[in-house]
Amino acid sequence: MKQTIDQLVSKWNIKAVIFDLDGTMIDNNAYHLAAWRQYLTDLGINITEEEYRKNINGRTNKDAIEYIYRRTMTKEEAMVYALEKEAVYRRIYQPFIQPVEGLTGLLKLLEEKNIPMGIATSGIQVNINFMFEHIPVRKFFSAVINSEHITHGKPHPEIFLKTAEALHVSPGSCLVFEDAAVGVEAAKAAGMNVVALTTTQTEAELAEADLIIKDFSDLIHL
C-alpha cells in the first residue's frame, strides 16, 4: 500500500530525515560495479554482481578495499587504492549522473515542512562534491556525514547516530532512506524508521525496512 511522505511523517512522528547517497539519491551502483571491475582488471581479480552487493555495496571504501585485498589496512593505506577506483567511477558516471526519480520534489516538500535533512554516506568527500556539482541539492542538507567521520562502517549504527546528533534530533525521530541491506540494518540498529529503495537490492533483501519503494515519486503521488 502506497503512503505519502505526509502520512509517514505523521505516523512515525518524524522530526528529521536522513538520506544515504549512493543508490539512494543517485542510482549509481551499476557504475560503481563497473568501476570496480575496470580497476581490478589489471590485478587479475574478477568480482561478480552478487559479491559486490553482498560485500561492497553500502560499505566504506576501507572495508571494501580490505575485502578486495583480503587484508587489514590503515585508513591512509586503503584510501590510496580507493581514490584510484573512485576516479574511475567519476569518469564513467559523469555523463549519466542524475537524481533518483522524485528526489528533488521530495526535498522541496520536506523543506516546506521545515524538516531538517542530512546525508549519511559510506562514501568519501570527493564523491559527495561530485554529486553536488552535478545535482544542485546541497542547500537542502544541514548535515553531511561520511566515512571520514566514523570509526565503524555500516551495518554498525554509528553513522546514523552521528547524523542525528548533527541534526539535533533524537534517533527515534529520524526517518532514513536507504538502498542497501547493510544500511537498513544500521539504521534499524540506531532505532530509526527506514524506507528502502529497490534501486540496488531486491525487496526480499531489504525486508527489514519499514517500507519499500521503487523511487521517491512513490511518496509524492498516490
**Tally of residues being touching a residue at least 24 places away in the same chain (Cβ under 8 Å), assigned to a helix (DSSP H, G or I) and closer than 24 Å to residue 149 by Cα across region 29-63** = 7
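Here is a yes/no grid of residues against (1) in contact (Cβ under 8 Å) with a residue 12 or more places away in the chain; (2) among the aliphatic types (A, V, I, L, M); (3) surrounded by 22 or more Cβ atoms within 10 Å (Cβ to Cβ); (4) assigned by TED's automatic domain parsing to the domain that holds residue 15:
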site	(1), (2), (3), (4)
172	yes, no, no, yes
175	yes, yes, yes, yes
181	yes, yes, yes, yes
189	yes, yes, no, yes
194	yes, yes, yes, yes
202	no, no, no, yes
205	yes, no, no, yes
208	yes, no, no, yes
214	yes, no, no, yes
**Prompt:** Among the candidates 80, 88, which residue alone is of a type outside the set (D, E, K, R), assigned to a helix (DSSP H, G or I) and free of Cβ contacts under 8 Å to residues at least 12 places away in the same chain?
**Reply:** 80
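Residue-wise test of (1) in a helix (DSSP H, G or I); (2) in contact with a strand residue (DSSP E or B) (Cβ under 8 Å, 6 or more places away or on another chain); (3) of a type in the set (A, V, I, L, M, F, W, C).
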{"position": "129", "(1), (2), (3)": "yes, no, no"}
{"position": "132", "(1), (2), (3)": "yes, no, yes"}
{"position": "139", "(1), (2), (3)": "yes, no, no"}
{"position": "144", "(1), (2), (3)": "no, yes, yes"}
{"position": "154", "(1), (2), (3)": "no, no, no"}
{"position": "160", "(1), (2), (3)": "yes, yes, yes"}
{"position": "164", "(1), (2), (3)": "yes, yes, yes"}
{"position": "169", "(1), (2), (3)": "no, yes, yes"}
{"position": "172", "(1), (2), (3)": "yes, no, no"}
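The values are calculated or read from the model by the stated rules, or taken from the named source; none is laboratory data. A quick note: this is a predicted structure, and the numbers were derived from the prediction, not measured. Ideal geometry is used to build each Cβ from the backbone, glycine not excepted, and the neighbour counts take in all protein chains shown.
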